[in-house]
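Notes to accompany the following structure.
The values are calculated or read from the model by the stated rules, or taken from the named source; none is laboratory data. Only a predicted model underlies this, so the values are computations on that prediction, with no experimental measurement involved. So basically every Cβ, Gly included, is an ideal-geometry build from the backbone, and we count neighbours across all protein chains shown. With ligands, DNA and RNA removed, areas are computed over all heavy atoms of the protein, side chains included. Shrake-Rupley method; radii C 1.70, N 1.55, O 1.52, S 1.80 Å.
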Amino acid sequence: MAKRVLHDRYFRQAKREGYLARSAYKLMEIDDKRRVIPRAGKVLDLGCAPGSWLQVLTERIGDKGQVVGIDLKTVTHDIGPNVRTIVGDFTAIDPAELVGEDGRLFDAVFSDMAPDTSGHGDDFMSARLCQEIVDRLPVLLRKGGACVMKVLEGGGTPELVKRCKGCFEEAKPFKPNATRDVSREMYVICKRYRPPRPRDDRPDDASPPGEDAR
Ligand SMILES: C[S@@+](CC[C@H](N)C(=O)[O-])C[C@H]1O[C@@H](n2cnc3c(N)ncnc32)[C@H](O)[C@@H]1O
């Protein structure tokens, strides 16, 4: 019985079309409807194993783009020459390692990460993980960039969406058709990032520029 539910039409379609997981169709639908994958862009895939989002991302960014992925697990499949994968914990890695040597911030950040638990409090852990992504966006995502994050709907979701609305021009929840009916997962789709202004370290009583010389 459980097997019949798991092996639904998206599962069979993924097998037929060579995608490593049925989640590929969620990202395709998100991009078809909301245009979040930048052609020829540099993109980050958080929680990238087994690799179906990496496949969709490489197909859609094209030969001139680059994809960086990170997961606790190894991606064993060879996705393509413009893909760099890292085995590690996103919450523990130095963001500079993700950005890489060229130092160019990402045009878009995608997260399909799911906390490794099942039971009470999953939704809060999932929202917490997304908050950790938003914390790091100033050093990962360029101004005007996009971010798509999976979150398990629950108590932490409204606060997350509110925070995203504060740092993106647009932030909306979205449930793709390929998400199973019983699942609480949804995606927060954020467009046009507005990074926080650089901190002003001048003391409160400092003279405005140019006044020192008077
Ligand atoms: C649903 S799977 C991702 C599927 C992937 N998008 C695909 O299409 O192949 C979720 C992944 O998130 C990863 N993950 C969870 N927490 C993580 C963390 N803190 N850092 C890196 N990866 C994490 C898990 O190891 C798991 O492989």
Return yes when Cys130 is in a helix (DSSP H, G or I), away from the ligand (no atom under 16 Å from the Cβ) and modelled with pLDDT of 95 or more and no when it is not. no
Here are Ala21, Ala49: which of them is surrounded by 22 or more Cβ atoms within 10 Å (Cβ to Cβ) and modelled with pLDDT of 95 or more? Ala49
Residues in region 65-88 that are open to solvent by 70 Å² or more (accessible area, probe 1.4 Å) and either in a loop (DSSP other than H, G, I, E, B) or more than 10 Å from the ligand (Cβ to nearest atom) (or both): how many? 8
Residue pairs within 9 Å by beta carbon, gap of at least six or interchain, first lying in region 52-64 and more than 15 Å from the ligand (Cβ to nearest atom) and in a helix (DSSP H, G or I), second open to solvent by 10 Å² or more (accessible area, probe 1.4 Å) and of a type in the set (Lys, Arg), listed first then second, are Ile61/Arg39
With respect to Leu105, is the statement that it is within 18 Å of Asp31 (Cβ to Cβ), at pLDDT 95 or above and touching a Leu at 6+ places or on another chain (Cβ under 9 Å) true? no
Please enumerate the residues belonging to region 158-174 that are assigned to a helix (DSSP H, G or I) and either of a type in the set (A, V, I, L, M) or open to solvent by 70 Å² or more (accessible area, probe 1.4 Å) (or both). Pro158, Glu159, Leu160, Val161, Lys162, Arg163, Lys165
Considering region 89-113 alone, what residues qualify as being in a loop (DSSP other than H, G, I, E, B) and in contact with a helix residue (DSSP H, G or I) (Cβ under 7 Å, 6 or more places away or on another chain)? Thr91, Leu105, Asp112, Met113
Filter region 23-51 down to the residues that are within 8 Å of the ligand (Cβ to nearest atom) and acidic (Asp, Glu) and list them by number. Asp45
Flag for Phe106 being surrounded by 18 or more Cβ atoms within 10 Å (Cβ to Cβ), within 13 Å of the ligand (Cβ to nearest atom) and aromatic (Phe, Trp, Tyr): no
